[in-house]
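Some notes on the structure that comes next.
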């Protein structure tokens, strides 16, 4: 029973860690706006945390520049299981306008399995919330799977 | 046999472990909800701290390479245990506690020891962020300790004025005096001390405007940087329990002696007063203040808050 | 048997002094012979002190011994006497235990040094002189012992004279120490000129009803003289300089034993010789010296970069606690002072020994340089934490018990007298305790925790022979902390009674009739009532039961962890896995292997550096607590200028404080 309770609280308390992999800061601002009184993602239990060790959902924005590549890889490795990766905006998926640049080593998929991808440049806060909620659902499933 | 059973019930159920944890989680949840409502948000559910704790228990625990394993894992448990035993010395309305003579100093030191447990744990994690965090935690501790001590002395001097030594360090004594003479909050000399105590509480707990040690955006959660999984959950739980300990301490020091004699009513009263105190000293500053700087915290507590507590102490001295 | 046992005090002193001479005669050739001689003489002294427990503590006797059987003739004590009451024995026990621990520690710790025969000879002479001082029944003998003590301590401070600042520290100690010794000598001379005797018991009897301005001046000289030996403010900079360079075993002696002589001297002076502790002036004087030392030294300790310098300042700060408590003049105050004096020797000794262990294995004491040693020296780390928790007054260790008694005594005093001064003292004591904690957090973080400096990659744990003495002290820390009630009843109360019951002290040496003739006050047994009976056992049980409950819950919850573990294990890259069934990170793993640098260390277990590659970055000593320091910057810069490090200045401060005390004593005593 305790295990089931833990499973179900997985999706109720997802803490977000945000990695900026060379983003233009547009998506970052939108992500913060999600937590403001207007959109209030906290009502689903979302919370921004400051360390990857405490994260459940890792939100990556930006097209993965050469500079941020290793930092991204290292930070992702430090997140405890189970966790979800959400790509924020078009950049991490496709490189967006930066595609083909010598400074870009994307897409994000190359480094980590992306669970949820929120498209847009920049995505709307509603879309971000929807994506995060989906990731939260995935967290519970992942844990259930891990228990089996 | 019945004595042992009663003792076990006291220890683990009613004023003990279960009650304390439930109260702590409840207060934390209510605080979060109230902050959200004050910011015109819906906010997380009242059960959110409970979910957070459970979720943390379900996560993997990573022990960093630089960490000293035993201390790293032992610190959260030590912190929790110390806090629970501190809570047991604080009387619920009607004086239900494991109180003994001179327990006020013990409570003071147990709270310090709980802070030290956090410091030792974060030091053992070997992270430089935690290093910064622990130094801030320590500065916060130095900051609130002076006014806290003065408040305790003021209450002790007021409630112990009839005793042979002119002062008491016993929770039972403090509650008994208040039962006979009315709550100490009604005593005019105690009002500055009560205000000072209301400021001490959030800093002792590390609530928002004073959470310099766990500043998540500045220093990556500071003391908790390397913590993950169940130990993190226990630390979060400690945070909640601390909320109960401090608010209950406030109730015992300033609102004691309101007992009705009926256990259930007393427990309910306790809950209500704890929530009011939580609202006053934690929710309001949380909702309206941005985080203080380290040196600001220190200055604020050693000047303004200490002065308030000192005024109280001197008033008691003069008026008796 | 009782006849024979009265020889024990002199035999204990002689065994140490004889050991010193035999060591220098026979110990040159063979290290084993030398160590055996040293060990035997230390153990003999310890055993004899322990044997005195029964008659003195339990039966409440005062043992007097006249050297050469020069008993007083016609009520004039010409001969040299030893007098052992419970107070003397209390300090004697502290000293012999500390000497024993320090000596056994030295065997391994000093093994890298040259000319060890000189070291052990001086060491045993130091021990013997200190023991002689507290057992002596003769004021001039006390002076002689102080002189031997000062000079051997100076020589031992400079023993490692290749160290930077060793000779400087020794010189400062020598000059200012000589100031203290000569002031004791002047005080002794003045008393002799007035009373024509040097025997403590006889002085006590004569001073009971006959104090004039000259004895008042003598009091000031003696007080400052003993204060110098306890390194009270303003003599504290010496201690810092001496401790920083002395070998750790000698630091233990200086802080744990030498300062106790000063404390003993002051207690003897105010409670016994002059019996003037009831006068408010004396209370203010003693308490103010104690409280100022306590506070200034703890703030000074905040800024230190050297492990042992920091400990040295704390040492004075703790002695300040003792003196403060002693100066309160109540029996609770004296009891708490004695308790803290004992605890101070134990935990400060432990801390100095851990500092010595760190120095022994790494060769460094610099707080900005060390770090992360808990991985390399885990046992030393635990020992250090025990010591640090004790000195910071965390329950259940011994520092808590004694500090708690001190607060209580100070507050009780203030509310009985309605005096705000003692209230300030009480609050100062509490604040000092927090600052002590803070600076030990600093030491813990910058020496044992945090990241390991690559320089000290090859550090090893200290050998067992050095850990055993440390464990002895650590166990004493815990035992005296858990059973404060028994300590108070068995050790403290006899000592307190002995200190206040001057009648018994006088009659033991000079005869009952003499004491009665001089109307020496007969104090009854001291009545110490603790406001709270601090009984850690009951809530240790509480802690234990809660811990077991928490552990039980943890065990019940553990199956879930075991199930998670295979998933964690699967993340470690060992060959390709089929896509689809693999957990998330293994893909990132593969990607790593494919094109990124191959790191033989898994980044998962690295410290979080905002994504950067983990590198050596230690938040060390002086970087901590800037939020506190910034607010106090004016105070600290004043202190910085004030502790100039110039010997002339320190001598001047000493002279000034002597002059001030003289003036005050002439005016008010």
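Just so you know, all these numbers are worked out from the coordinates, no wet-lab data involved. Here the structure is a predicted model, which is why all the values come from computation and not from measurement. Using ideal geometry, Cβ is built from the backbone for each residue, glycine included, and neighbour counts are taken over all protein chains shown.
A simple packing score, the average count of other Cβ atoms within 10 Å per residue, orders the peptides B:266-274, B:57-65 as B:57-65, B:266-274, with the highest score first.
Here's the picture: a label point sits 7 Å out from the Cα of residue C:210 along the beta-carbon direction, and within the stretch C:149-192 the residues with their amide nitrogen under 14 Å of it are C:191-192. Rg/Rh for the protein assembly as shown stands at 1.02; both radii use Cα atoms, and Rh follows the Kirkwood definition.
Per residue, the average separation of C-alpha pairs within less than 8 Å and at least 6 apart gives the stretch A:2-143 a relative contact order of 29 percent. Put simply, when B:230-238, C:74-82 are sorted by average Cβ atoms within 10 angstrom per residue, most first, you get B:230-238, C:74-82. The calculated FRET efficiency for the pair residue B:6 and residue A:8, based on their C-beta separation and a Förster distance of 41 Å, comes to about 0.70. Spin-label model, residue C:366/residue C:544: points 7 Å from Cα along the beta carbon direction are separated by 4.7 nm. Between residue B:265 and residue B:318, the simple label model (points 7 Å from Cα in the Cβ direction) yields a spacing of 3.9 nm. Entry note, chain C: relative contact order of 15 percent, from Cα contacts under 8 Å with a spacing of 6+ residues. Separation of the stretch C:328-368 and the stretch A:1-43, taken as the distance between their Cα centroids, equals 50 angstrom. If R0 is taken as 56 Å, the Cβ-Cβ distance between residue C:36 and residue C:305 corresponds to a FRET efficiency of 0.90. Look at the stretch B:117-128: the mean tally of other chain Cβ atoms within 10 Å of its residues' Cβ atoms is 6. Estimated at 0.36 nm per residue, the fully extended path between residue C:75 and residue C:182 surpasses their Cα-Cα distance by 35.6 nm.
For the stretch B:2-319, what class follows from the C-alpha gyration tensor (a ≥ b ≥ c being the square roots of its eigenvalues): rounded when a/c is under 1.5, otherwise prolate if a/b is larger than b/c, else oblate?
Details: a/c = 1.62, a/b = 1.36, b/c = 1.19.
Taking the square roots of the gyration eigenvalues as a ≥ b ≥ c, the stretch B:2-319 is prolate.
In chain C, the longest principal axis of the Cα atoms and the axis of helix C:236-245 are about 50 degrees apart. Report, in degrees rounded to the nearest 10, the 0 to 90 angle that the Cα long axis of helix C:536-556 makes with the longest principal axis of chain C. So the helix axis and the longest Cα principal axis differ by about 10 degrees. The angle between the Cα long axis of helix B:263-278 and the main principal axis of chain B comes to about 60°, on a 0 to 90 degree scale.
Partner chain Cβ atoms within 10 Å, averaged over the residues of B:64-75 - can you pull that number for me? Don't jump to the answer; show the numbers that get you there.
Details: counts 8, 9, 11, 5, 7, 2, 3, 7, 0, 0, 0, 0.
Counting other chains' Cβ atoms within 10 Å and averaging over B:64-75 gives 4.
Backbone N atoms of the stretch C:262-279 closer than 20 Å to the 7 Å Cα→Cβ label point of residue C:660 belong to residues C:263, C:266.
Would you mind calculating the relative contact order of the stretch C:360-436 from Cα pairs under 8 angstrom and at least 6 residues apart, reporting the percent as a whole number? Display every interim value, and only then the final one.
Values: 42 pairs, mean separation 13.7, N = 77.
It comes to 18 percent, rounded to a whole number.
Placing dummy labels 7 Å off each Cα toward the beta-carbon, the span from residue C:626 to residue C:67 is 5.9 nm. Within the listed set A:29, A:57, A:19, the residue fluctuating most in the Gaussian network model of chain A (springs between alpha-carbon atoms under 10 angstrom) is A:29. Legend: mean number of C-beta atoms from other chains within 10 angstrom of residue C-beta atoms, peptide B:295-302, equals 3.
Rounded to whole Å, give me the distance from the Cα center of the stretch C:26-61 to that of the stretch C:398-412. Centre-to-centre distance over Cα atoms comes out at 33 Å.
Residue C:602 to residue C:424: extension gain in nm, 0.36 nm per residue of separation minus the Cα-Cα distance? Before the final figure, lay out each step's value.
Details: separation 178, 0.36 × 178 = 64.08 nm, distance 5.53 nm.
Result: 58.5 nm gained on full extension.
For the peptides C:98-108, A:67-77, what is the packing order when you average, over each peptide's residues, the other Cβ atoms within 10 Å and list the highest mean first? Let's see the in-between values first.
On the way: C:98-108: 23.7, A:67-77: 20.5.
In descending order of packing, they fall as C:98-108, A:67-77.
Looking at the stretch A:2-143, the DSSP beta bridges with both ends there are about 5 percent antiparallel. Between B:53, B:89, B:304, the Gaussian network model of chain B with springs among Cα atoms under 10 angstrom shows the greatest mean-square fluctuation at B:304.
Using the beta-carbon distance between residue A:113 and residue C:633 and R0 = 45 Å, what value does 1/(1 + (r/R0)^6) give for FRET efficiency, to the nearest 0.05? Walk me through the intermediate numbers first.
On the way: r = 53 Å, r/R0 = 1.17.
FRET efficiency, residue A:113 to residue C:633: 0.30.
Please report the antiparallel percentage of the DSSP beta bridges confined to the protein assembly as shown, to the nearest 5. In the protein assembly as shown, approximately 40 percent of DSSP beta bridges are antiparallel ones.
Cα centroids of the stretch B:248-320 and the stretch C:188-252: 48 Å apart. Taking the three principal axes of the alpha carbon atoms in the stretch A:2-143, the coordinate ranges are 51, 33, 22 Å, sorted in descending order.
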